[in-house]
1. Can you find, within region A:99-111, the residue that is nearest to the other protein chains (Cβ to nearest Cβ) among those that are within 19 Å of B:Ile177 (Cα to Cα) and not basic (Lys, Arg)?
2. Residue under question is A:Asp239, and the condition is that it be under 20 Å from A:Tyr276 (Cα atoms), surrounded by fewer than 21 Cβ atoms within 10 Å (Cβ to Cβ) and out of contact with any Leu (no Cβ under 6 Å at 6 or more places or on another chain); does it hold?
3. If a residue counts only when it is within 14 Å of chain A (Cβ to nearest Cβ), of a type in the set (Val, Ile, Thr) and more than 29 Å from B:Ala208 (Cβ to Cβ), which helices (runs of 4 or more DSSP H) contained entirely in region B:103-192 have at least 1 such residues?
4. Examine region B:206-226 for a residue that is facing chain A (nearest Cβ under 9 Å) and either surrounded by fewer than 22 Cβ atoms within 10 Å (Cβ to Cβ) or in contact with a Gly (Cβ under 9 Å, 6 or more places away or on another chain) (or both), and state whether such a residue exists.
5. If the requirement is being touching a Phe, Trp or Tyr at 6+ places or on another chain (Cβ under 8 Å) and under 20 Å from B:Val220 (Cβ atoms), which of these qualifies: B:Ala113, B:Ala72?
6. So A:Ala96 clears everything in (1) assigned to a helix (DSSP H, G or I); (2) more than 14 Å from chain B (Cβ to nearest Cβ) except one condition, right? Which one?
7. Identify, please: which residue in region A:58-92 is part of a strand (DSSP E or B) and in contact (Cβ under 8 Å) with a residue 60 or more places away in the chain and is, among those, farthest from the other protein chains (Cβ to nearest Cβ)?
Amino acid sequence: MTISIRSVDKRFGRYPALNDVSLEIADGELLALLGPSGSGKTTLLRTIAGLEFPDAGQVLFGGEDVTYASAAKRRVGFVFQQYALFKHMTVAKNVAFGLDVRKGREKPSKADITKRVDELLKLVELDGLGGRYPSQLSGGQRQRVALSRALAVSPSVLLLDEPFGALDATVRKSLRKELRRIHDATGVTTIFVTHDQEEAMGLADRVAILNAGAIEQVGTPDEVHDSPATAFVCGFVGDANRIEGLVAAGVFNGGGVKLPAKGVADGPACAFVRPYDLALGGANAFAATLQRVSVQGAVAHLDVTTSAGAAIEAVVARAEASNLSVGQPLKLSTAKAHIFPV
Amino acid sequence: MSRARHPTEDPLWAKVLITALVLGFLALVLLLPLAAVFVEAFRRGAGAVMGAVSNPDAIAAIKLTLLTAAIAVPFNAVFGLCASWAIAKHEFPGKSFLITLIDLPFSVSPVVAGLIYVLVFGMQGWFGEALIDHDIKIVFAVPGIILATVFVTFPFVARELIPLMQEQGTAEEEAAISMGASGLYTFWRVTAPNVRWGLLYGVLLCNARAMGEFGAVSVVSGHIRGLTNTMPLHVEILYNEYDFVGAFSVAALLCLLAVATLVLKGLLEIAQPAVRGRGH
């Protein structure tokens, strides 16, 4: 199911949560809505789900206008942040809920519901736990129940609100892979909200980055990382050193660093340099003093200060840092910097 | 050498002193009067107690008290459930006003509550003439007693359920609705089961108060023996007539009803650990 969001506005009282948001989601795509808290990403997800109605704009499912249609009519599967499992029902009853509520001809037979529940529990690797209550499950297991409950209605789109937020790092990692596997197995269009860029970049086909109720950039993980459209995206996705300065005649100058800034208008600007885009020596190098070295696996993190006192972090291969000592002068250069006027 | 005290533990003398203070206070103001009721009742033996309790006027009072509770409690349970659902799960203008209104019976003196009904439904009241014309008796009759009891016990269920429902949030309801459940289906299958223990707890408290209410009922009842006397009113009348054994016998029965309610509440808390620790 393709989904189109067209110029959607949403306010809560005087606080604008979404501001002229437009987004196209392709059929079968796995899309991440990434942004800091308060950026409007959950509001956007709930608007797609039909749990919030926009003040203006349109939501289309497969070309059909569903802007003011109920969540049930849209046939969405929604996985809530704290899972929202029905505490007083067994796992099997939870998963069957969306089928149990159907009426008349649409309602599957008891045997069919049982079969479907078993299938789904198998899909999320919870077979045999149908008789348990949510309180008897671990966090990761609850998440899987919530996922299979959302999938039970054969949704046109699967929506997940911070699906891994409440889990510890190891469970999070394995469930991430699981979600990818389930998405690939079912082919259902999937949108998830996260504030964790690693999660968004590692899992999604495309990432939409939100800030202050507006979409800053939509693209593949590589695109948003390598060619950030705005200063916000550059600072939010991946690590970056942020240097304040001035652009004059195509050259950025600030914090003791000079960088080529072709095509950037003259005036105050902000340069972003990723730590791993910095190299020791090279052409157009700037001078810095080494403050600290910390080795992490195959790489060494160098904390340096420039001649103007700006603190910069660089990441180099471990071997390159082996004969460096704290306090020594260095030359650093970069072939890649993102410069945005401010 | 004595074992080192746990870092956050109070010294022994403080624990003993505070515990003794609390227990002593409880014994003085709660246990002693309760014991006195039973001692006074049984002063002339069990026969006198049986006699006082099986007196026709006493039986009429017991029946009226049970009838009042049987009507007021279900009414307030249904109202409390509806009100707390509306308040906890929805946003609407005037919400804080409604919460204040629900608390009104707690903040108003029961005597005033009784007087309100006399003013509205009494002979000289707003609807007095209309009621006389249609031969409907509210004040100094059973309907007035039930109305006054409903008023006084109004907040118990709602007050118990509102914080519970607010704490539970609306995610489960949203989940149910997103899967196609109707509002009513969601209420019966999701909202109500989640608060069933809190509801029972509120109903028990409401019941205890409904049976024990004195002030408001006293104003609207008219104290007609065998007709409009509830148990608490009957106790007062007997006491004023210096029939101490009679008064304390009926009082003891009232105490037993209260104790039974509290035992039931205790059993509930054992059965449902989530309710524990949220006392009053």
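The values are calculated or read from the model by the stated rules, or taken from the named source; none is laboratory data. This structure is a prediction, so every number in the text was calculated from the model and none was measured. Every residue, glycine as well, gets a Cβ built from its backbone with ideal geometry; the counts of neighbours run over all protein chains shown.
1. Step one: list which residues in region A:99-111 are within 19 Å of B:Ile177 (Cα to Cα), which gives A:99-104, A:106-108.
Restricting the remaining residues to those that are not basic (Lys, Arg) gives A:99-101, A:104, A:106, A:108.
On the way: A:Leu99: 9, A:Asp100: 9, A:Val101: 4, A:Gly104: 13, A:Glu106: 9, A:Pro108: 13 Å.
Selected residue: A:Val101.
2. Against the criterion (under 20 Å from A:Tyr276 (Cα atoms), surrounded by fewer than 21 Cβ atoms within 10 Å (Cβ to Cβ) and out of contact with any Leu (no Cβ under 6 Å at 6 or more places or on another chain)), A:Asp239 qualifies.
3. Numbers: elements: B:110-121, B:128-133, B:142-152, B:155-168, B:171-178, B:183-186.
Helices (runs of 4 or more DSSP H) meeting the threshold: B:171-178, B:183-186.
4. no
5. Details: B:Ala72 fails: touching a Phe, Trp or Tyr at 6+ places or on another chain (Cβ under 8 Å).
Unique residue meeting the criteria: B:Ala113.
6. If we test A:Ala96 against (1) assigned to a helix (DSSP H, G or I); (2) more than 14 Å from chain B (Cβ to nearest Cβ), just (2) comes out false.
7. Here the answer is A:Phe61.
Here is a yes/no grid of residues against (1) in contact with a Lys or Arg (Cβ under 9 Å, 6 or more places away or on another chain); (2) within 17 Å of A:Val79 (Cα to Cα); (3) modelled with pLDDT of 90 or more:
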site: A:Phe164; (1), (2), (3): yes, yes, no
site: A:Asp168; (1), (2), (3): no, no, no
site: A:Lys173; (1), (2), (3): no, no, no
site: A:Arg180; (1), (2), (3): no, yes, yes
site: A:Thr190; (1), (2), (3): no, yes, yes
site: A:Glu198; (1), (2), (3): no, no, no
site: A:Val207; (1), (2), (3): no, no, yes
site: A:Ala212; (1), (2), (3): no, no, yes
